[in-house]
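Worksheet for the structure shown next.
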There are 2 protein chains.
Amino acid sequence: MSPARRRVIPEATIARLPVYHRCLLQMQAEERSKASSEQLAEMAGVNAAKVRKDLSYFGSYGTRGVGYGVDHLLVEIRRELGLTHDWPCVIVGAGNLGSALAKFAGFSDRGFSVVAVVDIDPARVGEQVGELVIQHEERLAELVLEHAVVIGIITTPPAAAQEAADTLTQAGVRSILNFAPTVLDLPADVLVRDVDVAVELQILAFHEERRAAAKASATAAAKPATAKPAATKPATGKQVTAKRATAS
Amino acid sequence: MSPARRRVIPEATIARLPVYHRCLLQMQAEERSKASSEQLAEMAGVNAAKVRKDLSYFGSYGTRGVGYGVDHLLVEIRRELGLTHDWPCVIVGAGNLGSALAKFAGFSDRGFSVVAVVDIDPARVGEQVGELVIQHEERLAELVLEHAVVIGIITTPPAAAQEAADTLTQAGVRSILNFAPTVLDLPADVLVRDVDVAVELQILAFHEERRAAAKASATAAAKPATAKPAATKPATGKQVTAKRATAS
DNA sequence: CAGCGCTCGTTCACATGTTCACAAAGTCGC
DNA sequence: GCGACTTTGTGAACATGTGAACGAGCGCTG
């Protein structure tokens with residue numbers, strides 16, 4: 001209840017907010033007006049207590065005995081996430097990924113609009129990508145200022161990423177989504193989120209590798225009669241419990 | 001040193017291994033034979049103690065007073081991550097993102113080879129994407145078995161993702177990289193990693209929103225003479241590099 | 001309008017992850 | 001060889017995040 005408490009919101013909670021938001025949108029589309037923490041939890045693939053705690057950080061408006069009002073909660077979350085206004089973004093690097101993101105319309109409905117795409121290759125300048133025309137990377141700083149860009153999306157090869165990030169930062173951008181497989185070195189007040197597909201694949205590979213090793217050693221150890229078939233714990237982290245196989 | 005200890009490796013450590021791997025590759029390219037935890041930490045953007053602890057989970061392959069042998073460490077990490085052999089992947093959904101990933105060669109050098117791309121749209125079947133030809137999604141299960149696919153990459157629209165995941169799972173795939181903005185409901189032994197660009201953008205937006213709010217309230221509170229100009233703490237002082245966050 | 005059942009919000013114990021600090025263990029110069 | 005110096009490996013404090021349990025408040029019903 002203390003207003004001071006609401007100031008500090010855990011990172012983990014923040015990362016879940018967009019998921020709740022998505023679930024609530026779906027509920028709204030299904031014309032459901034109320035949602036219990038239990039229902040929301042199942043849809044979001046998390047624990048119900050976590051949902052309640054997450055929402056309580058914002059002084060949330062649930063009704064005991066009833067649940068949360070879908071519309072109301074949506075408004076609250078949308079405001080917290082700043083989805084009420086527009087977020088101009090710029091994409092640096094018009095390769096496969098950059099182009100795909102530029103064409104993809106899935107963000108615009110949440111207020112993220114790509115206002116420019118730049119590339120360093122002069123041969124690509126002028127090319128049409130979605131509704132935009134590729135511009136030269138020289139103009140990056142200029143474009144940032146012109147469109148009041150807030151979020152920079154880096155999809156260059158790793159070698160070019162740092163320079164792109166520096167240019168963005170100097171032009172005033174403080175939020176960067178980095179797809180390049182490099183660690184960017186930037187001032188402390190710049191928030192970087194890394195998305196690296198290769199890293200994700202390697203994490204999956206690690207677990208596969210472990211699984212194979214566990215199975216192999218289990219088979220090897222299976223010569224005594226008392227083998228432990230289910231003893232190899234899956235070591236899931238955030239994994240959903242497969243409690244319901246709602247195939248129907 | 002106890003062998004039992006090495007069994008349990010924290011998720012967070014696993015997620016950093018690929019980053020270390022990447023840094024070591026770069027060091028190797030620069031002909032450096034030794035790396036201290038300090039150097040590795042700086043390059044990877046983390047704490048030196050964390051590097052040492054992470055690496056120690058796999059055994060002590062450093063030399064006190066000297067550091068880690070780059071080549072040796074690379075071999076160890078590569079083995080842990082299972083990068084010594086090939087990981088056949090399949091991409092479900094040949095939209096913008098799916099196509100971009102299929103064309104992108106950045107994974108193949110780490111053992112991840114895309115062996116097939118499928119799409120549900122008959123009009124797209126037969127189309128060339130990179131070195132592959134798009135096949136119909138009907139053949140998905142068949143292709144998984146044929147190529148012994150281990151990792152499934154879902155790049156379909158959200159509505160189609162669950163079905164794709166089910167098909168993959170029934171065909172024996174236990175590792176899924178999901179780009180679709182949906183929570184997949186799968187058996188507990190299937191490991192899913194979600195990559196959602198919209199979520200990442202919303203997280204950035206949240207922090208931007210907070211920043212703006214902090215600045216606004218600081219300005220509002222500046223009407224008394226004793227305004228605190230540097231009181232809006234973006235991050236605590238000694239932090240030099242940008243605040244870093246990797247996707248889940 | 002009182003009791004009852006439902007569900008939120010909060011508290012507490014536990015698990016996971018990070019950072020510090022330092023002894024152990026090695027190298028290098030002499 | 002020996003002592004000084006460097007850097008690892010790890011135990012222990014600290015911070016963050018999770019999950020279970022439960023009291024408090026709300027609506028429904030008789």
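The values are calculated or read from the model by the stated rules, or taken from the named source; none is laboratory data. These numbers come from a predicted model, not from an experiment. Glycine gets a Cβ as well: all are built from the backbone with ideal geometry, and neighbour counts include every protein chain shown.
A few remarks follow.
- Flag if A:ALA148 is facing chain B (nearest Cβ under 9 Å) and surrounded by fewer than 22 Cβ atoms within 10 Å (Cβ to Cβ): no
- Qualifying helices (runs of 4 or more DSSP H) (wholly inside segment A:24-135; at least 2 residues being touching a residue at least 24 places away in the same chain (Cβ under 8 Å) and under 21 Å from A:ASN178 (Cβ atoms)): A:96-103
Results for (1) near DNA strand C (Cβ under 10 Å from one of its atoms); (2) loosely packed, with under 15 Cβ neighbours inside 10 Å; (3) farther than 30 Å from B:VAL129 by Cα, shown as yes or no for each residue.
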{"site": "B:ARG16", "(1), (2), (3)": "yes, no, yes"}
{"site": "B:HIS85", "(1), (2), (3)": "no, yes, no"}
{"site": "B:CYS89", "(1), (2), (3)": "no, no, no"}
{"site": "B:SER99", "(1), (2), (3)": "no, no, no"}
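- Verdict on B:LEU40 being touching a Phe, Trp or Tyr at 6+ places or on another chain (Cβ under 8 Å) and either more than 12 Å from chain A (Cβ to nearest Cβ) or modelled with pLDDT of 95 or more (or both): yes
- The set of residues in segment B:104-127 being surrounded by fewer than 17 Cβ atoms within 10 Å (Cβ to Cβ), of a type outside the set (Gly, Ala, Ser) and either in the same structural domain as B:CYS23 (by TED's automatic domain parsing) or under 27 Å from the mean Cα position of the chain (by Cα) (or both) consists of B:ASP109 alone.
- Selection count where residues are more than 9 Å from chain B (Cβ to nearest Cβ), hydrophobic (A, V, I, L, M, F, W, C) and under 18 Å from the mean Cα position of the chain (by Cα), scope segment A:84-101: 2
- Residue identified as modelled with pLDDT under 95 and of a type outside the set (Asp, Glu) among A:ALA212, A:ALA205: A:ALA212
- Of note, B:ALA48 does not satisfy the criterion of being surrounded by fewer than 18 Cβ atoms within 10 Å (Cβ to Cβ) and away from DNA strand D (no atom under 13 Å from the Cβ).
- Matching residues in segment B:151-171 - criterion: being in a loop (DSSP other than H, G, I, E, B) and within 12 Å of chain A (Cβ to nearest Cβ): B:THR155, B:PRO157
- Subset of segment B:48-96 [aliphatic (A, V, I, L, M) and under 28 Å from B:THR156 (Cα atoms)]: B:LEU81, B:LEU83, B:VAL90, B:ILE91, B:VAL92, B:ALA94
- Hits in segment A:180-199 - residues which are more than 7 Å from chain B (Cβ to nearest Cβ) and in contact with a strand residue (DSSP E or B) (Cβ under 6 Å, 6 or more places away or on another chain): A:ALA180
- Selected residue (only one of B:ARG110, B:ARG78, B:ARG124 is at pLDDT 95 or above, within 14 Å of chain A (Cβ to nearest Cβ) and more than 16 Å from DNA strand D (Cβ to nearest atom)): B:ARG78
- Restricting B:GLU200, B:GLU146 to residues that are in the same structural domain as B:VAL92 (by TED's automatic domain parsing) and either of a type in the set (D, E, K, R) or in a strand (DSSP E or B) (or both) narrows the list to B:GLU146.
- All positions within segment A:56-75 that are away from DNA strand D (no atom under 13 Å from the Cβ), out of contact with any Asp or Glu (no Cβ under 7 Å at 6 or more places or on another chain) and within 14 Å of chain B (Cβ to nearest Cβ): A:LEU74
Every residue, every condition in (1) surrounded by 15 or more Cβ atoms within 10 Å (Cβ to Cβ); (2) under 30 Å from B:LEU132 (Cα atoms); (3) within 13 Å of DNA strand C (Cβ to nearest atom); (4) not assigned by TED's automatic domain parsing to the domain that holds B:ALA160, yes or no:
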site: B:GLN28; (1), (2), (3), (4): yes, no, no, yes
site: B:SER33; (1), (2), (3), (4): no, no, yes, yes
site: B:SER37; (1), (2), (3), (4): yes, no, yes, yes
site: B:ALA41; (1), (2), (3), (4): yes, no, yes, yes
site: B:LYS53; (1), (2), (3), (4): no, no, yes, yes
site: B:GLY67; (1), (2), (3), (4): yes, no, yes, yes
site: B:VAL92; (1), (2), (3), (4): yes, yes, no, no
